[in-house]
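Okay, structure first, notes after.
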Amino acid sequence: RPRVGILAVQGAFAEHRERLQCLGATCVELRQASDLDIPFDRLVLPGGESTAQGKLLDRLGMLAALQRRIEEGMPVLGTCAGMILLAKAIDEQSEQDHPAPRLKTMDIAVTRNAFGRQLASFRTEEDLHGCGRVPMTFIRAPYVHACGPSVEVLAEVDGRIVAAREKNQIALAFHPELDPNDSIHRWFLRL
Ligand code: GLN
């Protein structure tokens, strides 16, 4: 039975928990440093507000410990704000306007709030490599504007990278937890 740690300091963690529990996983909500002592073998970083999440991770003393687990190979799924937390780099404007600590474990560079005003929020369907065709819900989503040589592109929408993988790390610009379709969570639990 997989045990999934879900970062639960801010954002859409409850929706991830519901999906994962329906699939038979045990979920551990990570709210403070001591929660990291509860055993879990996979990690989910939910959507929400990445600046707030990064600051909280730092203030709560969870940043370095989570970085270490990811670097040691724990499978991690970062969605939307979670993708931003994983990214080694973000666009300069965001870095200047909203500086905040991040995990920076994944060799991708992302642009925040990248789909423009009218498209702040939209839904589409695309192929996610290895997982099949899935619905994708975007909410003030980032996209990947550059990735390192060990990063595999998993999906694009309108020529923009919206899903990528680097070994144990998966970053999605959209929100599978807000969709009744559970194929991404199933796929993640099989990794
Ligand atoms: N725009 C948010 C951020 O930059 C991410 C949006 C989301 O997670 N839905 O943190």
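Overview of results
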quantity	calculated
One residue from 42, 3 being touching a strand residue (DSSP E or B) at 6+ places or on another chain (Cβ under 7 Å), charged (D, E, K, R) and in contact (Cβ under 8 Å) with a residue 40 or more places away in the chain	42
Number of positions in segment 52-93 that are within 14 Å of the chain's Cα centre (by Cα) and either more than 22 Å from residue 190 (Cα to Cα) or free of Cβ contacts under 8 Å to residues at least 60 places away in the same chain (or both)	9
Breaking point among (1) closer than 26 Å to residue 147 by Cα; (2) surrounded by 20 or more Cβ atoms within 10 Å (Cβ to Cβ); (3) charged (D, E, K, R), for residue 58	(2)
Elements of type strands (runs of 3 or more DSSP E) contained in segment 83-191, each with 1 or more residues being within 12 Å of the ligand (Cβ to nearest atom)	87-90, 106-111, 121-128, 132-139, 143-147, 169-172
Scope segment 48-71; condition within 16 Å of the ligand (Cβ to nearest atom), touching a strand residue (DSSP E or B) at 6+ places or on another chain (Cβ under 8 Å) and closer than 13 Å to residue 104 by Cβ; matching residues	57
So residue 122, is it in contact (Cβ under 8 Å) with a residue 24 or more places away in the chain and of a type in the set (Phe, Trp, Tyr)	no
Complete set of residues in segment 1-57 that are farther than 14 Å from residue 103 by Cβ and among the hydroxyl-bearing types (Ser, Thr, Tyr)	26, 34
Residue within segment 72-81 that is buried (at least 19 other Cβ atoms within 10 Å of the Cβ), part of a loop (DSSP other than H, G, I, E, B) and within 16 Å of the ligand (Cβ to nearest atom) present	yes
Residues being within 18 Å of residue 113 (Cβ to Cβ) and either surrounded by fewer than 22 Cβ atoms within 10 Å (Cβ to Cβ) or more than 16 Å from the ligand (Cβ to nearest atom) (or both) - total across segment 9-47	2
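Any read-out appearing in this document is the output of simple, stated calculations on the displayed coordinates, not a laboratory observation. Here the structure is a predicted model, which is why all the values come from computation and not from measurement. So basically every Cβ, Gly included, is an ideal-geometry build from the backbone, and we count neighbours across all protein chains shown.
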